[in-house]
Each structure stands twice: as C-alpha cells, then as structure tokens.
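These notes are about the structure you will find just below.
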Amino acid sequence: MLQDLAGQVIQRLDEVSNHYYQLILIVGPSGSGKTSLMRKLEDHLSGNVINLAFELSYKLLNLSARQRISLLSTFLKEVTDKFPVDPLLLDNTEILFDPSLKHDPLVLLQKLARNRKIVASWNGVVKKGWLIHAEPWHAEYRRYQVSDVVIINLSHDEYL
C-alpha cells in the first residue's frame with residue numbers, strides 16, 4: 001500500500017513540474033499514514049523529511065506574538081532553504097494553522113512551491129471538492145476548493 005502511494009506521489013511530481021505551484025498535498029486525518037508515506041518517499045527520493053512544527057517552533061519560541069506574525073514567512077523560507085533538495089518533503093505542517101500566526105497555511109505552502117517541488121502533509125480530509133482542516137467549530141478550521149491543488153488522499157472513505 002505505501003509502496004503504491006509512494007509511486008503515485010513520484011508520478012505526480014513530474015506532473016506538477018508544469019504547474020504554477022509545484023505542490024502536492026498528502027491529505028488524511030491523524031493516524032492515516034501521512035508520516036509513514038513521507039518516510040517511504042524519503043527513502044525513494046534520497047531526501048529528508050522536515051518536521052516543520054519542530055523547526056518553526058524552535059525559531060518562534062522566544063518571540064512576541066507580533067514578531068511571530070511578521071517573521072513567520074521569513075522563518076519558513078529560512079527553514080526550507082536549509083534543505084536544497086527537490087522535492088522538499090514537509091511533515092507536521094499543523095503549526096501553520098495556528099490562528100495566532102494570522103497566515104493562510106495553503107498560501108504559505110504555495111509560495112514555497114513556486115520555485116521548487118514541495119510534498120507536504122495536510123492533516124484533514126477532502127469532501128465533495130473541498131480540502132478541509134479541522135471541524136467548523138475549531139479555531140484552526142480551514143476550507144479550500146480543490147482546484148490547482150494536487151492531492152494524494154489517504155482517507156479512503158472520502159472522495160474528491
């Protein structure tokens with residue numbers, strides 16, 4: 001199963017080379033195998049999986065709320081620039097959804113994917129053409145129409 005999914009991602013990497021945003025999202029709820037798939041891709045692509053929550057939280061830790069908001073994009077670029085591999089594998093992206101950071105997580109990932117291929121995990125589901133993170137009542141809730149986004153959907157009971 002993981003082998004097949006890794007093959008799908010690798011195949012889609014060629015496809016996104018022609019897209020404005022070279023972004024592939026691996027979408028699934030907690031425990032669906034996103035991290036396992038990222039590790040499998042790491043083996044196949046001879047790259048590194050970046051734990052984005054760890055890397056960014058370390059940089060944001062001692063900053064004021066205002067500084068975190070203004071420096072998030074800069075720090076995200078610094079973290080990813082440390083790894084000059086293509087594609088870049090980003091896991092544990094949940095930190096980008098923190099409402100106190102006041103940024104759009106998908107836009108942040110798309111900006112990174114403008115000039116290089118990015119494969120990022122996305123904790124959520126795809127339902128009826130919508131990419132969803134969290135429940136509507138939750139502060140981190142986000143919902144996007146699935147267009148111009150390449151998705152590998154790990155939630156088998158959901159559909160595009």
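The values are calculated or read from the model by the stated rules, or taken from the named source; none is laboratory data. What you are looking at is a predicted structure, and each value in this text was computed from that prediction instead of being measured. Neighbour counts are summed over all protein chains in view; Cβ atoms, including those assigned to glycine, are modelled from backbone coordinates with ideal geometry.
Here LEU76, LEU71 are screened, and the one residue that is at pLDDT 95 or above, within 25 Å of LEU131 (Cβ to Cβ) and of a type in the set (A, V, I, L, M) is LEU76.
Counting the residues of the range 5-40 that are assigned to a helix (DSSP H, G or I) and touching a Gly at 6+ places or on another chain (Cβ under 9 Å) gives 3. If you check ASP14, ASP4, ASP91 for being closer than 21 Å to ASN153 by Cβ, of a type in the set (D, E, K, R) and either buried (at least 21 other Cβ atoms within 10 Å of the Cβ) or in contact with a strand residue (DSSP E or B) (Cβ under 6 Å, 6 or more places away or on another chain) (or both), only one passes: ASP91. Considering only the range 108-143, state which residues are of a type outside the set (Lys, Arg) and surrounded by fewer than 17 Cβ atoms within 10 Å (Cβ to Cβ). Answer for the range 108-143, where residues must be of a type outside the set (Lys, Arg) and surrounded by fewer than 17 Cβ atoms within 10 Å (Cβ to Cβ): ASN115, GLY129, TRP130, ALA134, GLU135, PRO136, TRP137, HIS138, ALA139, GLU140, TYR141. The residues listed here are LYS59, LYS128, LYS82; of these, the one that is of a type in the set (Lys, Arg) and touching a helix residue (DSSP H, G or I) at 6+ places or on another chain (Cβ under 6 Å) is LYS59.
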